[in-house]
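So the structure is just underneath, and the comments pick up after that.
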Amino acid sequence: MFDNLTKSISNVLSKIQGKKTLTEKDINDSLLTIKEALLSADVSLEAANKFLEEATQRAIGKEQLEGVDPANQFIADVHDTLVSMIGDGETGLKLEAVEKTTITLLFGLQGAGKTTTAAKLAKYYKEKRRVFLVGLDVHRPAAMEQLAVLAREVGVPYHIDTKEKKPYKILKKALSIAKKEHYNMILVDTAGRLEIDEDMMLELRRVVNSADVTEKILVVDSTAGQSVYDVAKSFQDNIGINGVILTKFDAGVRGGAALSLKYATGSSVRLIGTGEHLDDIDVFDAKRIAGQILGFGDIVKLVEKARAAISEKEAQEMLQKVIENNFDYNDFLKQIEATAKMGGITKMTSMIPGMANIDTDLISKEEEKFSRYKAIIQSMTKKERLALFPLNNSRKVRIANGSGQSIYEVNQLIKQFNMMKNMMASTKKMDKIAKSLESMGMSMDDLNKFM
């Protein structure tokens with residue numbers, strides 16, 4: 001997400017890096033170019049103009065801070081303005097006290113991903129609340145059936161009624177069941193339309209009036225372009241919005257319209273869908289998103305993914321092997337699998353500061369290599385995986401045939417494995433890596449995870 005926007009803004013900022021002073025013209029020219037980049041990324045004209053106004057007020061006439069590079073001070077002003085534009089507000093869903101019932105209404109256009117989002121939220125909150133999923137899409141019975149399938153996959157109860165044609169009646173029945181079964185978090189998946197119409201709004205108003213709704217959450221496809229802004233304003237004017245969830249936030253499109261939603265609704269983005277799996281949902285952090293747009297990466301998210309991909313025990317065992325120079329093909333395979341769990345090299349590099357302009361084709365080729373390497377290692381015998389002896393030609397031929405790869409690919413794996421092993425054997429290099437990561441706010445424990 002925001003790849004082109006990040007590249008455009010990075011190019012602007014690179015032109016002022018190293019300047020000892022920034023003139024008013026430098027600042028104005030840079031901000032105008034950033035505004036153009038925002039518009040090219042589908043940010044609404046209203047939001048882009050507001051950005052320009054606020055950023056100009058922050059940057060011009062401000063006293064230069066002693067010991068601070070003027071370019072860095074300007075970048076900080078741009079960052080803070082982006083955060084203000086995106087909306088640095090409440091995150092996640094509002095939860096009532098455990099003894100009360102939280103009712104969250106999800107609505108939006110057809111295809112925005114409401115049903116899948118409802119299931120993701122159910123999985124996200126099931127450890128904190130007794131979650132109950134409710135389907136109200138009376139116009140598309142298949143959507144109700146999909147909700148039922150996802151609810152069973154997540155392991156939460158649900159209520160649908162494909163015969164009832166009044167959504168508010170389905171909700172009333174669901175509330176009765178929830179009260180009896182002591183469910184204290186109800187996630188309501190409403191019907192969508194290809195476009196907004198009065199019947200849709202009337203139906204939603206009846207649903208809202210039939211229950212004591214805790215929050216009304218708009219679900220938006222973040223790849224939808226400028227139409228997102230008008231859709232959000234229409235929902236806000238008709239039924240009100242307490243927060244926004246952005247789906248498909250990992251898609252490689254412009255996506256800037258999502259940055260305009262605070263101006264359209266007055267509400268902040270709460271959560272984002274980051275992939276197709278039911279685990280792929282995160283709380284929204286405006287400061288981190290602004291950092292990514294400016295090319296700062298998201299090292300915090302990278303660490304979180306590393307923690308989820310490899311256990312503390314595995315990390316310690318891996319580090320011990322590195323120290324003793326016992327790193328083998330089994331360990332290399334674990335690293336490949338951990339990389340996949342973290343979203344692959346593409347996602348990982350997008351979170352690392354300074355990697356915004358890296359060649360995506362190069363990354364894709366590296367990911368393809370990892371897939372081939374995994375097949376090769378899995379074709380080795382137990383003894384071969386321990387890397388206790390060099391692999392002769394006959395072994396390489398057998399491994400190549402077993403993995404469906406060429407001898408060349410087997411040799412490439414061996415070469416890369418030896419390079420990695422030699423690098424890890426160098427204590428000095430390990431120290432440098434540790435210090436570099438620690439300078440980015442990561443601890444030695446986090447370093448162990450990556451190892």
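Per-residue answers, yes or no, for (1) open to solvent by less than 10 Å² (accessible area, probe 1.4 Å); (2) free of Cβ contacts under 8 Å to residues at least 24 places away in the same chain; (3) within 21 Å of the chain's Cα centre (by Cα):
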position	(1), (2), (3)
S234	no, no, no
G240	no, no, no
G243	yes, no, yes
L246	yes, no, yes
A258	yes, no, yes
G266	no, no, no
G273	yes, no, yes
D279	no, no, yes
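Looking at the range 402-414, can you tell me whether even one residue there is modelled with pLDDT of 55 or more, of a type in the set (A, V, I, L, M, F, W, C) and more than 21 Å from N326 (Cα to Cα)? Lay out the reasoning, then the answer.
Taking the range 402-414 first, the residues modelled with pLDDT of 55 or more are 402-414.
Remaining after also requiring of a type in the set (A, V, I, L, M, F, W, C): 407, 410, 413-414.
Then drop every residue that is not more than 21 Å from N326 (Cα to Cα), which leaves 407.
Yes; the residues of the range 402-414 include at least one that is modelled with pLDDT of 55 or more, of a type in the set (A, V, I, L, M, F, W, C) and more than 21 Å from N326 (Cα to Cα).
Within the group A112, A71, which residue is among the hydrophobic types (A, V, I, L, M, F, W, C), open to solvent by less than 10 Å² (accessible area, probe 1.4 Å) and in a loop (DSSP other than H, G, I, E, B)? Lay out the reasoning, then the answer.
Numbers: A71 fails: in a loop (DSSP other than H, G, I, E, B).
Criteria check complete, one pass: A112.
Among the listed residues L22, L82, L32, L65, which satisfies the condition of being surrounded by 14 or more Cβ atoms within 10 Å (Cβ to Cβ), more than 18 Å from I289 (Cβ to Cβ) and either modelled with pLDDT of 80 or more or out of contact with any Leu (no Cβ under 9 Å at 6 or more places or on another chain) (or both)?
Numbers: L82 fails: more than 18 Å from I289 (Cβ to Cβ); L32 fails: surrounded by 14 or more Cβ atoms within 10 Å (Cβ to Cβ); L65 fails: surrounded by 14 or more Cβ atoms within 10 Å (Cβ to Cβ).
Within the list L22, L82, L32, L65, the selection yields L22.
Among the residues that make up the range 357-380, is at least one of them part of a loop (DSSP other than H, G, I, E, B) and modelled with pLDDT of 90 or more? Scanning the range 357-380 turns up at least one residue that is part of a loop (DSSP other than H, G, I, E, B) and modelled with pLDDT of 90 or more.
Which condition from (1) open to solvent by 40 Å² or more (accessible area, probe 1.4 Å); (2) in contact (Cβ under 8 Å) with a residue 40 or more places away in the chain; (3) part of a helix (DSSP H, G or I) is the one that V98 breaks? The failed condition is (3).
When K50 is tested against (1) surrounded by fewer than 16 Cβ atoms within 10 Å (Cβ to Cβ); (2) at pLDDT 80 or above; (3) among the basic types (K, R), just one condition goes unmet, and that condition is (1).
Residues are listed down the side, and each one gets a yes or a no for (1) in contact with a Pro (Cβ under 9 Å, 6 or more places away or on another chain); (2) open to solvent by 50 Å² or more (accessible area, probe 1.4 Å); (3) under 30 Å from D3 (Cα atoms); (4) not basic (K, R):
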| site | (1), (2), (3), (4) |
| --- | --- |
| V154 | no, no, no, yes |
| K165 | no, yes, no, no |
| K172 | no, yes, no, no |
| E181 | yes, yes, no, yes |
| L204 | yes, no, no, yes |
| T214 | no, no, no, yes |
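Per the listing A76, A59, the residue uniquely in contact with a Leu (Cβ under 9 Å, 6 or more places away or on another chain) and surrounded by 13 or more Cβ atoms within 10 Å (Cβ to Cβ) is A59.
Take the residues in the range 86-95 that are open to solvent by less than 50 Å² (accessible area, probe 1.4 Å) and part of a loop (DSSP other than H, G, I, E, B); name whichever of them is modelled with the lowest pLDDT. Can you show your working first?
Here is the first cut: in the range 86-95, the residues open to solvent by less than 50 Å² (accessible area, probe 1.4 Å) are 86-87, 89, 92-93.
With the extra rule that they be part of a loop (DSSP other than H, G, I, E, B), the set shrinks to 87, 89, 92-93.
Working: G87: 79, G89: 73, G92: 88, L93: 91.
This residue is G89.
Given (1) out of contact with any helix residue (DSSP H, G or I) (no Cβ under 7 Å at 6 or more places or on another chain); (2) in a helix (DSSP H, G or I); (3) open to solvent by 30 Å² or more (accessible area, probe 1.4 Å), where does S8 come up short, assuming only one miss? Every listed condition holds for S8 apart from (1).
The values are calculated or read from the model by the stated rules, or taken from the named source; none is laboratory data. All of these numbers come straight from a predicted model, not from anything done at the bench. Neighbour counts run over all protein chains shown; Cβ positions are idealised from the backbone, glycine included. SASA here: full protein model, heavy atoms, side chains in, ligands and nucleic acids out. Shrake-Rupley method; radii C 1.70, N 1.55, O 1.52, S 1.80 Å.
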